[in-house]
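The values are calculated or read from the model by the stated rules, or taken from the named source; none is laboratory data. What you are looking at is a predicted structure, and each value in this text was computed from that prediction instead of being measured. A quick note on method: Cβ atoms are made from the backbone with ideal geometry, for glycine too, and the neighbour counts reach across all protein chains shown.
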Amino acid sequence: MALCSRGWCWLLVLGLITPTQRAAQIHGASISSVAGIRHAEPSLSAHADGRSERPPFAQTIILTISPERITRLQHELASIGLSSEVVKGFDAAAGNDLADAQSFLKTLGYTDSVHWTFSVPFACIHMSPNHSPDFATAASELWSHLGSMRQNFDDMLATDNHRCVAKVAAIAASHARIWRDLAEHRLPKTLPSGGEDDDAWFLILEDDVEFCPQWLHRLEKEIHEAPADADMLKLSYFGHWREEDAPAANASSPFLEARSTMDAGGVSWNCVRDLTTGKGWASMPCTGFYAGNQAYLLRRRGAQKILDGMRGRPFQDIDVTIMDLVKTYVWRRVLAVEGPGENAPQQVEMRAPDVQAFLQVESQEISRQRMIHDMIPKCNKDPSDADI
């Protein structure tokens, strides 16, 4: 229509946003955003008899180094009836925090040696869904570490000019402190009515996680199919997967077993295959299997099992270590993904009829959507469909 060709149809769309949100709130649903696409999530009290259904985990714990940035995530959880509490992690950029993280990892016995695959240049590559490989920084560190690639933990921190190892250490210490506090019943500090039992799960989130549409509905429906020996259930992962990792060779299971995560042959083959077939770095070609700690469920006994296993283990990325220590399964069709980060375009509230401003905001949202849609794997998609 000619009307839309002049840009006025955007005003009609804009005018529908607020009424849609209002209607969702009236009917006990919330409007949240993943990849710039708003979706309604049903509330927990959806039973015909009016009773309130408890979620299949006792409490949600949000890990952040910037408490002022987690408002979005807390609001999204609260809008669907989920309580949460915030835990501040170690900040690699803060000297005191880094020293405390280093000391804490030492008390856990996790810094006595360094894994043979881990080095300062390796840490600086830092490949994840929203971070392209930083080859320039890695090359700089490689040059400065010629002849001294094999270092102990303290020497790596001392010679790490770009704080790459510091970030890995801070992330490891932040998660490990949560595990310690869970195991020792220091966390959570509050529990919703009903408390917990010995088999209670706790949902642990990094502050940049983005939930997939209908994530809670799927979690409640599928968690009962989790293998009985599961210590950890990951709602999110990135990197590669294997069809044969379906538990008990059950291809219809919603879970995959996260095992042999850094299988050298598998990682090398996938890396070469993806790069030579033109997939590029967006496919996370050289990442291991089932990487990431963006969102996962853990029991208290599982937390203690990780801590016990960490002692004497060589230092490396903590998500790789834990999958070697406890029985870990991932949702085959992920329930969450890593968000676009603090530098991504943000939604901006505006008033009609500023069409130009609206188009600018829409362009930013399209960019944000593309960033998340380029992730591996994709929300609610089978990994074979995403062709990871």
Legend entry - Condition check for residue 58: under 15 Å from residue 164 (Cβ atoms) and surrounded by 20 or more Cβ atoms within 10 Å (Cβ to Cβ): no
Legend entry - Which listed residue is assigned to a helix (DSSP H, G or I) and either at pLDDT below 90 or surrounded by fewer than 23 Cβ atoms within 10 Å (Cβ to Cβ) (or both), from 169, 136: 136
Inset, instruction - Would you mention how many residues in the stretch 61-98 are part of a helix (DSSP H, G or I), of a type in the set (D, E, K, R) and under 17 Å from residue 178 (Cβ atoms)? - result: 1
Inset, instruction - Give me the pairs, please: first residue somewhere in the stretch 198-216 and farther than 17 Å from residue 339 by Cβ, second residue anywhere and at pLDDT below 95 and among the aliphatic types (A, V, I, L, M), beta-carbon distance under 7 Å, and either six or more positions apart or on two chains. - result: 200/58; 201/58; 202/58; 216/80
Legend entry - Subset of the stretch 172-191 [part of a loop (DSSP other than H, G, I, E, B) and surrounded by 19 or more Cβ atoms within 10 Å (Cβ to Cβ)]: 187, 188
Inset, instruction - Within the stretch 300-326, track down each residue that is surrounded by 18 or more Cβ atoms within 10 Å (Cβ to Cβ), assigned to a loop (DSSP other than H, G, I, E, B) and of a type outside the set (A, V, I, L, M). - result: 313, 316, 317
Inset, instruction - Specify which of the listed residues (377, 340, 314) is more than 19 Å from the chain's Cα centre (by Cα) and modelled with pLDDT of 60 or more. - result: 314
Inset, instruction - Mind listing whichever residues of the stretch 220-237 are among the hydrophobic types (A, V, I, L, M, F, W, C) and surrounded by 23 or more Cβ atoms within 10 Å (Cβ to Cβ)? - result: 232, 233, 235
